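Notes follow the structure.
The values are calculated or read from the model by the stated rules, or taken from the named source; none is laboratory data. None of the values given here were measured: they were computed from a predicted structure. Positions of Cβ are backbone-derived with ideal geometry, glycine not excepted, and every protein chain shown enters the neighbour counts.
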Amino acid sequence: KKEAESHDEL
Amino acid sequence: MNIFRLAGDMTHLASVLVLLLKIHTIKSCAGISLKTQELFAIVFASRYLDIFTDFISLYNTLMKLIFLGSSFSIVWYIRRHKLVRRSYDKDQDTFRHYFLLLPCFILALLINEKFTFKEVMWTFSLYLEAVAILPQLVLLQRTKNIDNLTGQYVFLLGAYRGLYILNWIYRYFTEPHYVHWIPWISGLVQTLLYADFFYYYFESWKNNKKLQLPA
């Protein structure tokens, strides 16, 4: 969920 | 994290360090477009709004701080530093870069993954980053002799997003639900804008002659 929510790339 | 994305981030970091090296050591920003630097500061400010709310990793937060800090300090150097500002050629750096902001913002309002403030700002930063290099490329065409550091800076800047494209291909095949058309397409457009620079950059490197972009 967290991954989908926020963008993990710069 | 994969090798392509790490290489991309390191290349991006290297581009920022090369520019800071140039500006801080020889106190010159000759050939550097202040407008592109201002656009990059806006890109990072609008992309990293979640820096204090969404903690991804120490690496992620650290790199965000580095990119935010360096982009704003570079703008400050070129605008305010008494020696550096003298080497800024504002008569040549004439691209109307503020005209890029509204179309990117409107496009972000229309085409985004989720209509929330943070997501629209994130999307805006992707569209803006894709075109942020335009003032710099225009300035390079007008610059008679491009110094090595400036050439290396632009090359590293173009290469980083190219490495990100490899990262997206890798993630598409290794993470089943990883699909993000917006960064993919804007990243591809961004990298393609460097195509002719890359061509002349390699030509000058191969023939060992001065980098020169045709006007």
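Of all residues in segment B:29-50, those being away from every other protein chain (no Cβ under 13 Å), under 20 Å from B:Gln141 (Cβ atoms) and either in a helix (DSSP H, G or I) or out of contact with any Leu (no Cβ under 8 Å at 6 or more places or on another chain) (or both) number 8. Scanning segment B:158-199 for residues that are outside any helix (DSSP H, G or I), within 11 Å of chain A (Cβ to nearest Cβ) and farther than 18 Å from B:Asn112 by Cβ yields B:Glu175, B:His177. One residue stands out in segment B:26-56 among those that are modelled with pLDDT of 95 or more and either of a type in the set (Phe, Trp, Tyr) or out of contact with any helix residue (DSSP H, G or I) (no Cβ under 9 Å at 6 or more places or on another chain) (or both): the one that is surrounded by the most Cβ atoms within 10 Å (Cβ to Cβ), namely B:Phe40. Right, B:Leu101: within 17 Å of the chain's Cα centre (by Cα) and more than 26 Å from B:Phe4 (Cβ to Cβ) or not? When the stated conditions are applied, B:Leu101 passes them. Pairing residues of segment B:59-84 that are away from chain A (no Cβ under 14 Å) with residues that are outside any helix (DSSP H, G or I), at Cβ distances under 6 Å and at least 6 apart in sequence or on separate chains, gives B:Ile78/B:Cys29; B:Ile78/B:Tyr88; B:Leu83/B:Lys27; B:Val84/B:Lys27; B:Val84/B:Cys29. If you scan segment B:76-103, which residues turn out to be within 19 Å of B:Ala130 (Cα to Cα) and either among the basic types (Lys, Arg) or part of a helix (DSSP H, G or I) (or both)? Selection gives B:Arg96, B:Tyr98, B:Phe99, B:Leu100, B:Leu101, B:Leu102, B:Pro103. Inclusion of B:Asn145 among residues that are away from chain A (no Cβ under 14 Å), in contact (Cβ under 8 Å) with a residue 40 or more places away in the chain, outside any helix (DSSP H, G or I) and over 25 Å from B:Leu68 (Cβ atoms) is warranted.
Residues in segment B:133-175 that are farther than 18 Å from B:Phe197 by Cα and of a type in the set (Phe, Trp, Tyr) were compared, and the one that is nearest to the chain's Cα centre (by Cα) is B:Tyr164.
Scanning segment B:124-175 for residues that are polar (S, T, N, Q) and either over 27 Å from B:Ile26 (Cβ atoms) or in contact with a His (Cβ under 8 Å, 6 or more places away or on another chain) (or both) yields B:Ser125, B:Asn167, B:Thr174.
Restricting to segment B:171-215, what's the tally of residues that are exposed (fewer than 14 other Cβ atoms within 10 Å of the Cβ), among the aliphatic types (A, V, I, L, M) and farther than 16 Å from B:Ile133 by Cα? So the count comes out to 2.
From the list B:Phe155, B:Phe124, the one residue that fits, being within 21 Å of B:Ala108 (Cα to Cα) and in a helix (DSSP H, G or I), is B:Phe124. Given the criteria under 20 Å from B:Ala30 (Cα atoms) and part of a loop (DSSP other than H, G, I, E, B), does B:Leu211 qualify? When the stated conditions are applied, B:Leu211 passes them.
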